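Readers should treat all values here as calculations from the given coordinates under stated rules, not as data from a laboratory. These figures come from a predicted structure and were not determined experimentally. Here the Cβ is made from the backbone with ideal geometry for all residues, glycine too, and neighbour counts use every protein chain on show.
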Amino acid sequence: MLMFTRNARSRSGPSASGTVAALDVGTTKVCCLIAKVGAGGSVTVHGIGHQLSRGIKAGSVVDMDATEDSIRAAVHAAEKMAGEVIDTAFVNLSAGHQQSQTVGVEVAVTGTKVTDGDVRRAVEQAMIRADATAREVIHAIPLQYSIDGATGIREPRGMFGARLGVHLHVVTADASQARNLAICVGRGHLEVQGPVASGYASGLATLVDDERDLGATVIDMGGGLTTIAVFFEGGPVLVDSIVLGGQHVTNDIARGLGTGMQPAERLKTLYGSAIENPGDDRDFLEVPLMGDAGRVSNNPVPRAELVRIIRPRIEELFELVRDKLIASGCGDIAGRRVVLTGG
């Protein structure tokens, strides 16, 4: 069985120059990216593929055959554009009831200065304390080290001291959901080079160094899930998700206006807003209404009505985000910086 996790270390990218591929399996679309990493760390995108996602609901696999087909189609499109075939990829994970926690431990330094073995023992002890039984470890990220009580150390190797401490942020997911996605990727003849939690990846992609250091919250709004990541002092201190996304807004529009899913998605994309403007009552939209025997007729609806349907769902989403931040204790360190991404 193909497993997501091979070790507890976090992987942030390829260790050397060459080809790297990323696969994003979402509720509404599957994307594949193929890039070349230069010797100096420069990245050049050579292939992009995207496909309508099927077999995924709220980020979880519900139909393995359909999910496999979507992954194959997206990867094939990226390979065709790049002119090469890939056999490994970094794969995102957004579902699986992700949980994260920060664990701190101290170990004795074996010699007079810190070695790789000391760092490895400290991380292993932190993993034992994290107690990820029956769950899949997605990331184990050392946030900072300490030596003899001196904190804030990013790289302890080679430093002298008697006690080495580490604060390790561990992100886990439900094992069955993680493995189901890994199996679908494997059936497409791809090996999982490394898993990446969606919220963590969004933070790395959108935040600048100062935001990660001073504190910021990244909210990635997807089709079936909204992921949250809080960064502070350079690393993640919270990774979580909410089973609420853009598809729920589309469903509300379809029900509220009596139209189909495709017209509702189009109305949301072209005219949707969570803030009502003064002229919205006079701006009418043509909404296709499904009648008997499949007949379609258009019904003019003021744009204000569309806004009044969207706004409560968006307010609910941000209230749930706020509750997550408060419950996790990250409400203060998240700062006043919020970065919205997704779609």
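May I ask you to derive the relative contact order of the chain, considering only C-alpha pairs under 8 Å and at least 6 residues apart, and to give it as an integer percent?
It comes to 16 percent, rounded to a whole number.
What does a probe at Lys57 reach in the stretch 180-215, counting residues whose amide N is under 20 Å from the point 7 Å along Cα→Cβ?
180-185
So for the stretch 83-174, averaging the separation of alpha carbon pairs under 8 Å that are six or more residues apart and normalising by length, what relative contact order in percent results?
Computed value for the stretch 83-174: 42 percent relative contact order.
Using only Cα positions of the stretch 192-286, each an equal point scatterer, no hydration layer, compute I(q)/I(0) via Debye at q = 0.10, 0.14, 0.16 Å⁻¹ and quote the log10 values to two decimals.
-0.42, -0.69, -0.79
Only four residue types carry charge here, +1 at the Cβ of Lys and Arg and -1 at the Cβ of Asp and Glu. Report the dipole size of the stretch 97-204 about the Cα centre in Debye, rounded to the nearest 20.
Charge dipole, the stretch 97-204, about its Cα centre: 60 debye, nearest 20.
Tell me, what is the FRET efficiency for Lys80 and Arg311 to the nearest 0.05, using R0 = 45 angstrom and their Cβ-Cβ distance as r?
The calculated FRET efficiency here is 0.60.
Using helices alone, I'd like the mean residue ellipticity at 222 nm for the chain: each DSSP H run of four-plus residues gives -39500 (n - 2.57), total over residue count, nearest 500.
-10500 deg cm²/dmol
Set the Förster radius R0 to 51 Å, insert the Cβ-Cβ distance between Glu155 and Ala274 as r into 1/(1 + (r/R0)^6), and round the FRET efficiency to 0.05.
Given R0 = 51 Å and the Cβ-Cβ separation, E is 0.70.
With N residues in the stretch 42-97, what two-decimal value do you get for its Cα radius of gyration over 2.2 N^0.38 Å?
This ratio for the stretch 42-97 stands at 1.26.
What whole-number value in cubic angstrom gives the convex hull volume per residue for the C-alpha atoms of the chain?
Residue-normalised Cα hull volume stands at 162 Å³.
Measuring from a point 7 Å past the Cα of Val338 along Cα-to-C-beta, which residues in the stretch 237-278 have an amide N at less than 20 Å?
Hits in the stretch 237-278 for Val338 at 20 Å: 237-250, 272-277.
What's the FRET efficiency of Asp131 with Thr206 using the Cβ-Cβ distance as r and R₀ = 35 Å, to the nearest 0.05?
0.65
Dipole size in debye (nearest 20) for the chain around its Cα centre, Lys and Arg Cβ +1, Asp and Glu Cβ -1?
It comes to approximately 400 debye.
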